[in-house]
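Q: This is the structure I have questions about; it appears just below.
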Amino acid sequence: MAATQTQDQPSFNEPKSLDVEGQTPQEVVEVDELDYAKRAQWLRAAILGANDGLLSTASLMMGVGAVRKDSKTMILSGVAGLVGGACSMAIGELVSVYSQYDIEMSQMKRDGKIENMAADELDAEKEKLPNPWHAAGASALAFSVGALVPLLAAAFLKDYAVRVAVVLVAVTFALLVFGGVGAVLGKAPMVKSSLRVLAGGWLAMAVTYGITKLVGTTGL
């Protein structure tokens, strides 16, 4: 008589716990965590870019507004800050990511991987590398979104005092939001991070305003 199967002995007929792609649940979790980490990095970079656009444009507008109180000059300075800053961010990111791309491709050549790959495999590997144009566009867009906050706040206000007050309120709110979102993505204390970003933003605007006012008054 054939020996009966014990409880400790695995059954060959028992189906394995695999998904449709042949991955175990543990592998799926690891892939999900990796994808989330990549998304978080992109979101964090976008928030930092928007915060940069917000703060640099607002500081420029406040500095120019310290010596020229008409709305046209203040708005033009903000537009110049948006365009110049967005172009600078895009070009800087393009050069940086292209350098990273070239380094990784050179490393693949040194390892002899490219010679052993088919054309479709090489294209698949290139797709995994960072895209310089995507990075440049994302940086320019993020900077522009942040820069639009003080511009839109000041766009239709003729009175100087009201214009400055509205810009300060809008920038303050945006700094708190960007600081809070950055804290969530970086798993940092939200209140402390938001207040730190807010204090830094106020300081940057105050220093820009004060130095520009001093230069404009003394005629240096």
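The values are calculated or read from the model by the stated rules, or taken from the named source; none is laboratory data. Since this is a predicted model, take the numbers as computed values, not measurements. A quick note on method: Cβ atoms are made from the backbone with ideal geometry, for glycine too, and the neighbour counts reach across all protein chains shown.
Q: Being closer than 12 Å to Ala58 by Cβ and either surrounded by fewer than 17 Cβ atoms within 10 Å (Cβ to Cβ) or not charged (D, E, K, R) (or both): is that true of Ala154 here?
A: Against the criterion (closer than 12 Å to Ala58 by Cβ and either surrounded by fewer than 17 Cβ atoms within 10 Å (Cβ to Cβ) or not charged (D, E, K, R) (or both)), Ala154 qualifies.
Q: Under 6 Å between Cβ atoms, at least 6 apart or on separate chains: pull out the pairs that start in the range 69-89 with a residue that is more than 22 Å from His134 (Cβ to Cβ) and end on any residue that is loosely packed, with under 14 Cβ neighbours inside 10 Å and not aliphatic (A, V, I, L, M).
A: Every condition considered, the pairs that remain are Ser71/Lys158.
Conditions (1) exposed (fewer than 14 other Cβ atoms within 10 Å of the Cβ); (2) at pLDDT 90 or above; (3) over 17 Å from Met205 (Cβ atoms), marked per residue:
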{"residue": "Leu82", "(1), (2), (3)": "no, yes, no"}
{"residue": "Val97", "(1), (2), (3)": "no, no, yes"}
{"residue": "Ala140", "(1), (2), (3)": "no, yes, yes"}
{"residue": "Ala174", "(1), (2), (3)": "no, yes, no"}
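Q: Shifting gears a bit: Please work out which one of (1) loosely packed, with under 14 Cβ neighbours inside 10 Å; (2) without any contact (Cβ under 8 Å) to a residue 12 or more places away in the chain; (3) touching a helix residue (DSSP H, G or I) at 6+ places or on another chain (Cβ under 6 Å) is the condition Met190 fails and give its number.
A: Among (1) loosely packed, with under 14 Cβ neighbours inside 10 Å; (2) without any contact (Cβ under 8 Å) to a residue 12 or more places away in the chain; (3) touching a helix residue (DSSP H, G or I) at 6+ places or on another chain (Cβ under 6 Å), Met190 violates only (1).
Q: Confirm whether Ile47 is within 15 Å of the chain's Cα centre (by Cα), under 29 Å from Tyr209 (Cα atoms) and surrounded by 14 or more Cβ atoms within 10 Å (Cβ to Cβ).
A: yes
Q: Another one. Val162 passes all but one of (1) out of contact with any helix residue (DSSP H, G or I) (no Cβ under 9 Å at 6 or more places or on another chain); (2) modelled with pLDDT under 90; which number fails?
A: Every listed condition holds for Val162 apart from (2).
Q: Sort out which residues of the range 194-213 are under 15 Å from Thr172 (Cα atoms) and surrounded by fewer than 19 Cβ atoms within 10 Å (Cβ to Cβ), and write them in order of number.
A: Leu195, Arg196, Leu198, Ala199, Gly200, Trp202, Leu203, Ala204, Ala206
Q: Next up: All but one of (1) at pLDDT 80 or above; (2) over 30 Å from Tyr160 (Cβ atoms); (3) touching a Gly at 6+ places or on another chain (Cβ under 7 Å) hold for Arg44, so report the exception by its number.
A: It fails just one condition, (1).
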